[in-house]
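I have placed the structure first, in the form of structure tokens, so that the comments after it can refer back to it.
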Amino acid sequence: MKELVVISGKGGTGKTSLLAAFASLANRKALCDADVDAADLHLIMDPRIKERYDFESGHEAVINSDMCTQCGLCRELCRWNAISEDFIVDPIACEGCGVCYYFCPEKAIDFPLKTCGEWYLSETRFGPMAHARLGIAEENSGKLVSLIRKEGKKLAEKESLDLLLTDGPPGIGCPVIASLGGATATLIVAEPTVSGRHDMERVVELAAFFKVPAMVCINKYDLNPDMGQAIEAFARERNVTVMGRIPFDPVFTKAMVQGKTIFEFDDRSEGSKAVKVIWENLVKGLETSTCREQS
Amino acid sequence: MIISIASGKGGTGKTTVATNMAVSLGGDVQLLDCDVEEPNAHLFIHPVINEVKTITTPVPEVDMEKCNLCGKCGEICQFKAIVVIGKTVLPFPEMCHSCGGCMEVCPEKAITETGRELGVIERGSRNGLEFVHGKLRVGEAMSPPLIRKVREYARPDVLTIIDAPPGTSCPVIASMKGADFVLLVTEPTPFGLNDLKLAVGAVKILGIPCGLIINRSDMGDDKVKIYAEKENLPILMEIPFDRKIAEAYSRGEMIVEVMPEWKEKFLKLYQQIEEMSFHKNH
């Protein structure tokens, strides 16, 4: 079983719309939404949730005021300024390091496990799907990403499917790192803008750092063809396979509004034609273990 | 006053709003780009950088001459960042959250702290606008400590505009906490609305007043507006889709540069925010 992770560096370049479009085209696949912070894939996949689980991760300090003598040691040791002058822990500032809990001479601090999200195993019209929801303002998104990818793989293996399509988060930090580890390859969705180029370069570097073969496609190519070419040149220089160009096409927004993939909405649109070419290149790219440039 | 510009969904136009507002207001303004994973504001501001600082976070270093392998450091660490294996202690600096627990608990005082590089902070200016951003080192997982360092540059005597990262988890909270106002930039699509609701949830947890900007306001549907009305969220600006704006953006140009008439709108936007936070405080 292979796993393709779609990432972008910059947000809003079209990761989720593209992944949904690939789901329309791919045979024998499972889906995984690893953008647990701001998950959107379900808005197109309309999953029927079959199993639901709490995501428990990390701890949080709670001071028991009846036992607290206000000695101040916890405030002195806490590096997050999470404990107020009247000895109440700010759950948002608390890092869950447990230093206060460990050192409190009165044993007045509890350190319960936190529930910081939910995750789901679902069925969709395109196959099984693993997805999650991180609680608002919660931590440990990287751990939830790792968990949901593992569950996605299990879903695919259970039904002997060939491919896991994973929608990754934006950025280059902990959730992105967690979404790349052990992936067969990653597709970077870039856009031909100064920001798109800058962010794509950093995410290419990240994929190289973690030794994940990278491929790139450029969305909204005609917005700035010169910039698009510059991005492709950079990609080739770094041995990142260029998979194709997608024109700016309102079909993406129109399909999204109706909760459809672009192929379900209009499979003859310019956007759909371009994505089909990219998908064919991706299939070839995934077949070879080293993802070299398509000729 | 601190105004944080956030969104939930990525690519909705946070940086566009932050840079255009900062440049429109001119002097006595500082722009802090806290999207340290993918900072972009400098690509539009073109600041002259005059200070570059490498930022580190403390991680443990063990003196094996002093260590008696008691294992207390591994016991206190919640992040599996230090373990005793056989006759040695292995710190995993990339897992460390810098709480200092291992150093504090070590009975032999065998642990001291060294630094793990988080990234750099660059500071500069353009036409009187003060500019600061953080750049997370590629491969570094934790952005909140670097974001907090960028925020230390906020000065109370001027207006601070913060360009926040997308999402709703810890890096976003680190960029919004303590702000006087949060400006949420969204787009009128199902993805935009879904992520906006999450972002509004985060702003509510922090108890900060907020308002909306709808970008590409003529694409998609009207569900964001219906939601805003129901939640009593003021829509402070709408930016229609304009290929001219999109193409200028692609070249690193700001709206106020290609369409100077927008300067007035960004000034008015700031006035509205000022009035709203004034009413809240008085």
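We did not get these values from a lab; they are worked out from the coordinates using the rules stated. Only a predicted model underlies this, so the values are computations on that prediction, with no experimental measurement involved. Cβ: placed from backbone, ideal geometry, glycine included. Neighbour counts: every protein chain shown.
Computed values, structure above
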{"item": "Phi-based couplings in Hz for segment B:104-119 (Karplus 6.51, -1.76, 1.60; Gly and Pro marked x)", "result": "5, 7, 5, x, 9, 6, 8, 10, 10, 10, 10, x, 9, 6, 8, x"}
{"item": "Residue exposure sequence - A:Phe248, A:Phe55 - by fewest surrounding Cβ within 10 Å", "result": "A:Phe248, A:Phe55"}
{"item": "Anisotropy class of segment A:54-129 from Cα gyration tensor, a/c 1.5 cut", "result": "prolate"}
{"item": "Theoretical gain in end-to-end length, A:Ala93 to A:Arg236 [0.36 nm per residue, Cα-Cα removed]", "result": "47.1 nm"}
{"item": "Distance (nanometres) between label positions extended 7 Å along Cα→Cβ at A:Phe248 and B:Glu117", "result": "3.8 nm"}
{"item": "Three-way shape label, chain A, alpha-carbon gyration tensor, a/c 1.5", "result": "prolate"}
{"item": "Choice from A:Ala137, A:Ala61, A:Ala156 with maximal GNM fluctuation in chain A (Cα, 10 Å cutoff)", "result": "A:Ala137"}
{"item": "Inter-label distance, nm, simple model (7 Å from Cα along the C-beta direction), A:Lys260/B:Ile226", "result": "2.0 nm"}
{"item": "Shielding by other protein chains, A:86-97, mean Cβ within 10 Å", "result": "3"}
{"item": "Cα centroid separation, segment B:91-158 to segment A:148-196 (Å)", "result": "28 Å"}
{"item": "Average beta carbon contacts from partner chains per residue of B:167-178, 10 Å cutoff", "result": "6"}
{"item": "9 Å beta-carbon shell around B:Cys106, net charge (K/R +1, D/E -1)", "result": "+1"}
{"item": "Neighbour net charge for A:Met45 - beta-carbon separation under 11 angstrom, K R +1, D E -1", "result": "-2"}
{"item": "Sorted by Cβ density within 10 Å, fewest first, the residues A:Met256, A:Met227, B:Met219", "result": "B:Met219, A:Met227, A:Met256"}
{"item": "Selected from B:Met237, B:Met103, B:Met254 as most flexible by GNM, with chain B as the system and alpha-carbon contacts under 10 Å", "result": "B:Met103"}
{"item": "Candidate aspartates and glutamates - alpha carbon under 12 Å from A:Lys276, same-chain residues fewer than 8 apart omitted", "result": "A:Asp267"}
{"item": "Max mean-square fluctuation residue, GNM over chain A, Cα-Cα springs under 10 Å, options A:Leu180, A:Leu31, A:Leu147", "result": "A:Leu147"}
{"item": "Global geometry of the protein assembly as shown, whether rounded, prolate or oblate, following the gyration tensor of its Cα atoms and the 1.5 cut on a/c", "result": "oblate"}
{"item": "Residue pairs, from the table A:Lys2/A:Lys284; A:Lys10/B:Lys14; A:Lys150/B:Lys197, whose Cα atoms sit over 22 Å apart", "result": "A:Lys150/B:Lys197"}
{"item": "Cβ-based exposure ranking for B:Leu90, A:Leu134, B:Leu159, in which fewest neighbours within 10 Å come first", "result": "B:Leu90, B:Leu159, A:Leu134"}
{"item": "Per-residue mean of C-beta atoms belonging to partner chains within 10 Å, peptide A:196-209", "result": "3"}
{"item": "Separation between Cα centres of segment A:113-136 and segment B:194-217, rounded to whole Å", "result": "23 Å"}
